[in-house]
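What follows is calculated from the coordinates using simple rules that are stated; it is not laboratory data. Remember, predicted model here, so these are calculated numbers, not experimental data. Cβ coordinates were reconstructed from backbone atoms using ideal geometry, including for glycine residues, and neighbour counts include every protein chain displayed.
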């Protein structure tokens, strides 16, 4: 019975991190970068669909790329900087890292297959609008993040199980 309760608790913790924590950190990353760049935030939504609406930045691709990429980068930075040995903190951070890896992987696939219609409202629409050099540069950065996250996840699991 104790294992069943622990399994249910683990499932709901993962669900909470997936539905609440990661989207909050993702939108917080966009918001912080928009504020740092002096872009006015019009609206922030966490439910039902997380999104942030900023004023039009015109043709400033650099600002759009920085604001768009910060949604993925902030959760990664936070997940890589958390160090804890207690099970619930370790497990929560592991789930956050896995969600970050999934997000980075989806971004890489979007660039590789260039399916812009699937990402009309997503951060990747800006990257997909870049030239070939810009796409390749973004893909290299995204793949580097995926490798860092993968090794970190492997190291955390290996350290915990040995």
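Extension gain, residue 139 to residue 160, is 4.4 nm, computed as 0.36 nm per intervening residue step minus the present C-alpha separation. Of the peptides 134-144, 28-38, the order by per-residue mean of other Cβ atoms within 10 Å, starting with the highest, comes out as 28-38, 134-144. Springs between Cα atoms under 10 Å define the GNM used for the chain, and in it the highest mean-square fluctuation of 27, 55, 64 occurs at 55.
Note: relative contact order over the chain, using C-alpha pairs below 8 Å and six or more positions apart, is 20 percent.
Our summary gives the stretch 38-104 a relative contact order of 21 percent, counting only alpha carbon pairs under 8 angstrom and 6 or more residues apart. Dimensions of the stretch 1-64 based on its C-alpha atoms, expressed as ranges along the principal axes with the largest first, amount to 59, 20, 15 Å. Stretched out straight at 0.36 nm per residue, the stretch from residue 113 to residue 88 would grow longer than its current Cα-Cα span by 5.3 nm. Summed over qualifying helices (DSSP H, 4 residues or more, each -39500 (n - 2.57)) and divided by its residue number, the chain shows a 222 nm mean residue ellipticity of -24000 deg cm²/dmol.
Grab every C-alpha pair in the chain, bin the distances at 5 angstrom width from 0 up to the longest one, and report whole percents. For the chain, the binned pair fractions read 1, 8, 16, 19, 19, 15, 10, 6, 3, 1, 1, 0 percent.
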